[in-house]
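A short reminder: the numbers here are calculations on the coordinates, not readings from a lab. Quick caveat, the model's predicted, so the values are computed rather than measured. Ideal geometry is used to build each Cβ from the backbone, glycine not excepted, and the neighbour counts take in all protein chains shown.
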Amino acid sequence: MEFLAPTTWADALAAKAACPGALPVTGGTDVLVEINFDRRRPPALLDLTRVAELRDWAPDRGRIRLGAAVTYSRVIDELATALPGLAMAARTIGSPQIRNRGTVGGNLGAASPAGDSHPPLLAADAVVEVASAARGVREVPVAQFYTGVKTNALAPDELIAAVLVAPPRGPQQFCKIGTRNAMVIAVSAFGFALHPDRRAVGTGIGSAAPTPRRAEAAAEFLAGELDAAGLWESRGELPDGLAREFGHRVRAAAAPIDDVRGSAAYRLHSLSVMARRAATWAWNDYRRAA
Amino acid sequence: MRITLTVNGTRREVDGVWEGESLLYALRERMGLPGSKNACEQGECGSCTVYLDGLPVCSCLVAAGQADGREVTTVEGLSADGELRPVQQAFLACGAVQCGFCTPGLIVSTHDLLERNPQPSDPEIREALAGNLCRCTGYEKIMDAVRLASRAQERAS
Ligand SMILES: Cc1cc2nc3c(=O)[nH]c(=O)nc-3n(C[C@H](O)[C@H](O)[C@H](O)COP(=O)(O)OP(=O)(O)OC[C@H]3O[C@@H](n4cnc5c(N)ncnc54)[C@H](O)[C@@H]3O)c2cc1C
Ligand code: FES
Ligand code: FES
């Protein structure tokens, strides 16, 4: 095995192009487990922690550009206002030790259906910035980034540079079901965002389909009902039963399996409850913000 | 490969490091520092917790090569000249150590908590120690130890 430790982004992309089998490692919280347990023996490890360009976040043409190697601890400490849904999700991840190392870029690289970054990124319409030495930068809408169980849209010579997220125009929520309050992979998870500027609703389902996915029809339904009742402007109370109906429709968008963490039936049930609660909480925040 | 890093304030050069090995393995097997324990090798138990550039991390999930040029503090580095720190004394005084396997990781995590937050509430203690598992004590004595260490540090300052 080789150990490649580029210190610039250009060198990192060149290394990946020269050795497409090289396994990127940032926080190592997924990669080292696989190596420690002999599940993976890549020809090379490509350490990305020395690439300064990946470790920062900054406003960038109306969006927040979150470098792929920014840790969850920093998302929580520095971005709770700018990326509220993602920060809420980050607080539920692993333990302090895991959050000090684990990164959003690593979560996207692993592309697990249970990754907690995905629901808030889906709900906020995030875009993944990927790059290669040969073809330069390309932007992939996050919903198109997940291509299957633990697979993503990266070509063999590409790396994740950053995530681009518009600042929130309305409240966001994140809910997650697990057996304890720490160190749990989600049984199911749900991300929610209100986008009052375009009278739209954002959703993200975690751990309840082969990939993280949106509940598009449910989101359109809720946004349309709010619109029809003039609620985006009046900020009135949610009509009776609307949040519940939204929950049912979110459930209809999921396609979960039974596994050791939970049954498909429980995942469906918990999703409809989380969606109802998330919508209600976010709407109440929206009303209070008036 | 060779890595060069600062461990507990001392510069160390380590040869023959395998590219896929963890910092935990390098500390225990190549640097003679068995304080950090290996109980799961998958980030779940926290018994391998060390400071890496000032932040507590699971050393089983850091590739040794990633620690090249960095600063590491292990539990061994927390007791100066064989004198136990208040956190360590509190664990002894409260019976928070049974088999002791989880102790080094809990000492590092508690040390970090009290540096950041000298008087943590009980929920804050539980949150800060959520990544450290103990099979023996049932955690109550550990909670006692953290509260005692917090009071001891307050008196000392
Ligand atoms: C004890 C424990 C608890 C955990 N709890 C949670 C949890 O609650 N929720 C959750 O979602 N996850 C959890 N995880 C999984 C893991 O922490 C996350 O997936 C984390 O985001 C991975 O980030 P990392 O930087 O450590 O990734 P790494 O392990 O370094 O990499 C992960 C994957 O991404 C690839 N990769 C990394 N960076 C890039 C890049 N810039 N470009 C291209 N590919 C890249 C790697 O090659 C690898 O395939 C847990 C893990 C452990 C060990
Ligand atoms: S040995 Fe590292 S967390 Fe258990
Ligand atoms: S004292 Fe035995 S595991 Fe904690």
Computed log₁₀ I(q)/I(0) - Debye formula, equal Cα scatterers, no solvent, region B:86-156, q 0.16, 0.23 Å⁻¹: -0.44, -0.96
In what sequence do A:ARG261, B:ARG11, B:ARG151 fall when counting other Cβ within 10 Å, fewest first? B:ARG11, B:ARG151, A:ARG261
PRE zone check, label point 7 Å out along Cα-to-Cβ of A:ARG287, amide N under 14 Å, scope region A:209-240, hits A:231-240
List residues of region A:37-55, by number, whose backbone nitrogen lies under 19 Å from a label position 7 Å along Cα→C-beta of A:VAL149. A:39-40
Quick one: 3J(HN,Hα) in Hz for region B:36-49, Karplus 6.51/-1.76/1.60 with θ = phi - 60°, rounded, Gly and Pro as x. 5, 9, 10, 10, 8, 6, 9, x, 8, 10, x, 6, 9, 4
Inter-part distance where region A:37-67 and region B:103-148 are each reduced to a Cα centre, Å: 31
Relative contact order (%) - criterion: Cα under 8 Å, at least six apart; region: region A:1-115: 26
What is the ratio of the Cα radius of gyration of region B:3-78 to 2.2 N^0.38 Å, with N the residue count, to two decimals? 0.95
Evaluate the distance, in nm, between pseudo-label points positioned 7 Å from the Cα of A:THR81 and of B:TYR139 along their respective Cα→Cβ axes. 3.4
The exposure ranking of B:ASP15, A:ASP259, fewest beta-carbon neighbours within 10 Å first, is B:ASP15, A:ASP259
Gyration tensor (Cα only) of the protein assembly as shown to equivalent ellipsoid, semi-axes in Å sorted down, yields 39, 28, 19
Among A:GLY115, A:THR211, A:THR92, pick out the residue whose Cα is farthest towards the positive end of the charge dipole of chain A, where Lys and Arg carry +1 and Asp and Glu carry -1 on C-beta, about the Cα centre. A:THR92
With Cα atoms, 0 to 90° folded angle of helix A:216-228 axis to chain A main axis: 40
Loop-only check: which GluC sites (Glu not before Pro) in region B:74-126 are DSSP coil with at most 10 other Cβ within 10 angstrom? B:GLU83
Longest principal axis of chain B (C-alpha) makes with the long axis of helix B:103-116 (C-alpha) an angle, in degrees to the nearest 10, of 70
Nearest-5 percent of antiparallel DSSP beta bridges in the protein assembly as shown? 85
Which residues among region A:1-32 fall inside the zone where the amide N is under 14 Å from a point 7 Å beyond the Cα of A:VAL137, along Cα→Cβ? A:9-10
Förster-model FRET efficiency, 25 Å R0, B:ASP122 and B:GLN89, C-beta, rounded to 0.05: 0.75
Estimated distance in nm for a label pair at A:MET1 and A:ALA265, the labels positioned 7 Å out from Cα along Cα-to-Cβ: 4.4
Summing -39500 (n - 2.57) over the DSSP H runs of n ≥ 4 in chain B and dividing by its residue number, what mean residue ellipticity at 222 nm do you reach, to the nearest 500 deg cm²/dmol? -9000 deg cm²/dmol
Averaging sequence separations of C-alpha pairs under 8 Å and six or more residues apart, then dividing by the length of chain B, give the relative contact order as a whole percent. 24
Using the Cα centre of region B:86-156 as the reference point, and only Cβ charges (+1 on K/R, -1 on D/E), how large is the resulting charge dipole? Debye, rounded to the nearest 20. 160
Dividing the helical contributions, -39500 (n - 2.57) per DSSP H run of n ≥ 4, by the residues of chain A yields a 222 nm value, nearest 500 deg cm²/dmol, of -10000 deg cm²/dmol
When only Cα pairs under 8 Å and 6 or more residues apart are kept, what is the percent relative contact order across chain A? 16
